[in-house]
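Worksheet for the structure shown next.
The values are calculated or read from the model by the stated rules, or taken from the named source; none is laboratory data. This structure is a prediction, so every number in the text was calculated from the model and none was measured. A quick note on method: Cβ atoms are made from the backbone with ideal geometry, for glycine too, and the neighbour counts reach across all protein chains shown. For the accessible areas, the whole protein counts, side chains as well, though only heavy atoms, and no ligand, DNA or RNA atoms are used. Shrake-Rupley method; radii C 1.70, N 1.55, O 1.52, S 1.80 Å.
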Amino acid sequence: MADKLSHVSSFSVKEMCEWVDSISKDLATIFKENDIDGQGLLAVVEDDTLFKELVPKLVLRAKLKQGLFSEKR
């Protein structure tokens, strides 16, 4: 899975927030508050417990994963 997500690995917190803002304003706020950058997102996505804690709404987790797998940079 990490290979498919490598396009976000170099995102800064600002770039990550800009990217997730297109998915959800709520997500952008959560990512900014938690200083989530590309490497941080990859770590969180790999751990279901952390991912659910960071993004509690199922629909937002689904949209985020869909965006990760379809986005190319």
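Accessible area per residue for the chain in Å², computed with a 1.4 Å probe and the full protein assembly in place, what is it?
Dividing the accessible area of the chain by its residue count gives 63 Å².
Averaging sequence separations of C-alpha pairs under 8 Å and six or more residues apart, then dividing by the length of the chain, give the relative contact order as a whole percent.
Relative CO of the chain lands at 36 percent.
Within region 24-40, whose backbone N sits under 14 Å from a point 7 Å along Cα→Cβ of V59?
What the label zone holds, given the 14 Å backbone N cut-off, is 24-27.
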